[in-house]
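*Asks:* Input: one structure, supplied below.
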Amino acid sequence: MSSVLDRFLRYVKIDTQSDPHSTSFPSTDKQRDLSKLLLVELQTMGVTDAHLDEYGYVYATIPATSPKLQVPVICFCSHVDTSPDVTGTNVKPIVHPNWQGEDLVLPDDSAQVIRLADHPDLAGQIGNDIVTASGTTLLGADNKAGVAEIMAATEYLLQHPEIPHGTIRILFTPDEEVGRGTEHVDMLKLAADSGYTVDGETVGTLENETFSADAARISIQGVSTHPGFAKGKLENALKIAADIVASLPQGTLSPETTEDKEGFIHPVSVQGSQDEATVDFIIRDFTLVGLKQKEEILRQIMEKALTRYPNSKAELTVTEQYRNMKDVLDKYPQVTDNAIEAMRRVGLAAEPRSIRGGTDGSRLSFMGLPCPNIFAGEHAFHSRLEWVSVQDMEKAVEVIVEIAKVWEERA
């Protein structure tokens, strides 16, 4: 049986970085490289219906072993892509065994140092085996730790048919990091009653609330003319864009100034020329009211900026991204309760959390699959300092197996 660490070390070496500017699906074809490997490994385990569809999704089924006929079908889901924020090419994972609290200097860039003082969750890892990258790439624990954990749990359950459980669906998605992870999920094919994404952080955590999220784009039409004859005529679209960004609230409503349940307006891209420009934002809040308030603030900033450029135009377009999963999960308390019980049984004090972000589970919940997020052990994700504990990954495998058992017992 392949250990969760063995799997993880294989998977992170495959570059699966997604691309937010791509119009294809998946956004990068290289994501299929990992999906194809997962398909082969599932088939080798004996999963007869495992397949990779045209969109890059991997679907598979662990058949029921319970004699009960009414056990709900549950799904475990993780995403294969890694963040566009940091390169995922030529990842060189390093296992630091029996870590004793020392600084972890990453060898390919000695300026990249993982320190206990900067990573409070390391305090609980003394004596554990820590996996990092080498300093020039991210590690990919987000979310290849989750992928490896689901795969390890799948192999364990298949090799132990004496463990009673209902039908279990496995789903691996592309493009979660660019907000498109569930865009082409076939819910009829998935045919599950509830699910769990395995994409969380600290061991024992269970995320059952997320931001509600929108994308916003301001499209600017300036007035272009030759700069040598521009006096009184030129209205530079790039300067209008800069004025809008510079007019965002200072000291509040930004990712770097908010925490807990506070939302934000975050510019992520400026593109264009003096004639036309676009500014892209992400808007986040835990309530729809707060989301709409922030979008109105952005609209007012845009309109005020335009008063200084009377011959230019701008338009704000808002696109829904995902909504707070808590609105759905509160209607299905057993989904969260069963995960909490499973964690208790493996010796963990479950910690329900709100996540300042979203997961595939956010969208899946509103697509009819109540789907909280359980820990995968990933930390400092989207950075060169990303790390994960082998022991935390092993504990996540135990929790996945135990969740299946709890659902069967309570059916």
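The values are calculated or read from the model by the stated rules, or taken from the named source; none is laboratory data. Computed from a predicted model, the values in this text were never measured in an experiment. Don't worry about glycine lacking a Cβ; one is built from the backbone with ideal geometry, like all the others, and counts go over all protein chains shown.
*Asks:* Suppose we filter THR210, THR202, THR225 for residues that are of a type in the set (Val, Ile, Thr) and in contact with a Lys or Arg (Cβ under 7 Å, 6 or more places away or on another chain); which single one remains?
*Replies:* Every option except THR225 fails the conditions.
*Asks:* Of everything in the range 240-257, what is free of Cβ contacts under 8 Å to residues at least 12 places away in the same chain and farther than 19 Å from LEU291 by Cα? Give them in sequence order.
*Replies:* Residue satisfying the conditions is ALA246 alone.
*Asks:* Collect the residues in the range 273-300 that are part of a helix (DSSP H, G or I) and either surrounded by 20 or more Cβ atoms within 10 Å (Cβ to Cβ) or in the same structural domain as ASP360 (by TED's automatic domain parsing) (or both), keeping them in residue-number order. Talk me through it step by step, then tell me what you get.
*Replies:* Of the range 273-300, the ones part of a helix (DSSP H, G or I) are 288-300.
If the condition is that a residue be part of a helix (DSSP H, G or I) and either surrounded by 20 or more Cβ atoms within 10 Å (Cβ to Cβ) or in the same structural domain as ASP360 (by TED's automatic domain parsing) (or both), then LEU291, LYS294, LEU298 are the ones that fit.
*Asks:* Then there's this: Just checking, which of PRO84, PRO93, PRO67, PRO107 is in contact (Cβ under 8 Å) with a residue 40 or more places away in the chain and surrounded by fewer than 17 Cβ atoms within 10 Å (Cβ to Cβ)?
*Replies:* Matching residue, one of PRO84, PRO93, PRO67, PRO107: PRO67.
*Asks:* Moving on to the next point. In the list THR173, THR182, which residue meets the criterion of being hydroxyl-bearing (Ser, Thr, Tyr), buried (at least 24 other Cβ atoms within 10 Å of the Cβ) and touching a Lys or Arg at 6+ places or on another chain (Cβ under 6 Å)?
*Replies:* Details: THR173 fails: touching a Lys or Arg at 6+ places or on another chain (Cβ under 6 Å).
After ruling out the rest, the residue left standing is THR182.
*Asks:* Can I ask one more? Among the listed residues ARG169, ARG180, ARG217, identify the single one that is modelled with pLDDT of 95 or more, farther than 26 Å from GLU402 by Cα and basic (Lys, Arg).
*Replies:* After applying the criteria, what remains is ARG217.
*Asks:* Another one. Of all residues being part of a helix (DSSP H, G or I) and within 31 Å of the chain's Cα centre (by Cα) in the range 216-259, which is surrounded by the most Cβ atoms within 10 Å (Cβ to Cβ)? Just the residue, please.
*Replies:* Checked the range 216-259; the qualifying residue surrounded by the most Cβ atoms within 10 Å (Cβ to Cβ) is ILE244.
*Asks:* Additional query: On the basis of being surrounded by 16 or more Cβ atoms within 10 Å (Cβ to Cβ) and assigned by TED's automatic domain parsing to the domain that holds GLN31, does ALA192 make the cut?
*Replies:* So ALA192 passes the test.
*Asks:* Could you pull out the residue among THR44, THR23 that is in the same structural domain as VAL388 (by TED's automatic domain parsing), under 15 Å from ALA152 (Cβ atoms) and surrounded by fewer than 17 Cβ atoms within 10 Å (Cβ to Cβ)? Steps first, answer last, please.
*Replies:* Values: THR23 fails: under 15 Å from ALA152 (Cβ atoms).
Of the residues listed, the single one that is in the same structural domain as VAL388 (by TED's automatic domain parsing), under 15 Å from ALA152 (Cβ atoms) and surrounded by fewer than 17 Cβ atoms within 10 Å (Cβ to Cβ) is THR44.
*Asks:* Moving on to the next point. Could you say which residue among GLU149, GLU162, GLU155 is modelled with pLDDT of 95 or more and surrounded by fewer than 19 Cβ atoms within 10 Å (Cβ to Cβ)?
*Replies:* Only one candidate qualifies: GLU162.
*Asks:* Among the numbered conditions (1) within 21 Å of the chain's Cα centre (by Cα); (2) of a type outside the set (A, V, I, L, M); (3) modelled with pLDDT under 95, tell me where GLN70 comes up short.
*Replies:* Going through (1) within 21 Å of the chain's Cα centre (by Cα); (2) of a type outside the set (A, V, I, L, M); (3) modelled with pLDDT under 95 one by one, GLN70 breaks only (1).
*Asks:* Let me ask something additional. When residues of the range 196-215 are filtered for being buried (at least 23 other Cβ atoms within 10 Å of the Cβ) and farther than 18 Å from PHE381 by Cβ, how many remain?
*Replies:* Matching residues across the range 196-215 total 3.
*Asks:* Take the range 1-37 and flag every residue that is more than 19 Å from ASP53 (Cα to Cα) and hydrophobic (A, V, I, L, M, F, W, C).
*Replies:* Result: MET1, VAL4, LEU5, PHE8, LEU9, VAL12, ILE14.
*Asks:* Let me ask you something else. Is it true that some residue in the range 85-100 is outside any loop (DSSP other than H, G, I, E, B), in the same structural domain as VAL71 (by TED's automatic domain parsing) and either under 30 Å from PHE281 (Cα atoms) or at pLDDT below 95 (or both)? Write out each step before concluding.
*Replies:* The first filter runs over the range 85-100 and keeps only residues outside any loop (DSSP other than H, G, I, E, B), leaving 94-96.
If we keep only those that are in the same structural domain as VAL71 (by TED's automatic domain parsing) too, we end up with 94-96.
This time we only want the ones that are either under 30 Å from PHE281 (Cα atoms) or at pLDDT below 95 (or both), so: none.
No: the range 85-100 contains no residue that is outside any loop (DSSP other than H, G, I, E, B), in the same structural domain as VAL71 (by TED's automatic domain parsing) and either under 30 Å from PHE281 (Cα atoms) or at pLDDT below 95 (or both).
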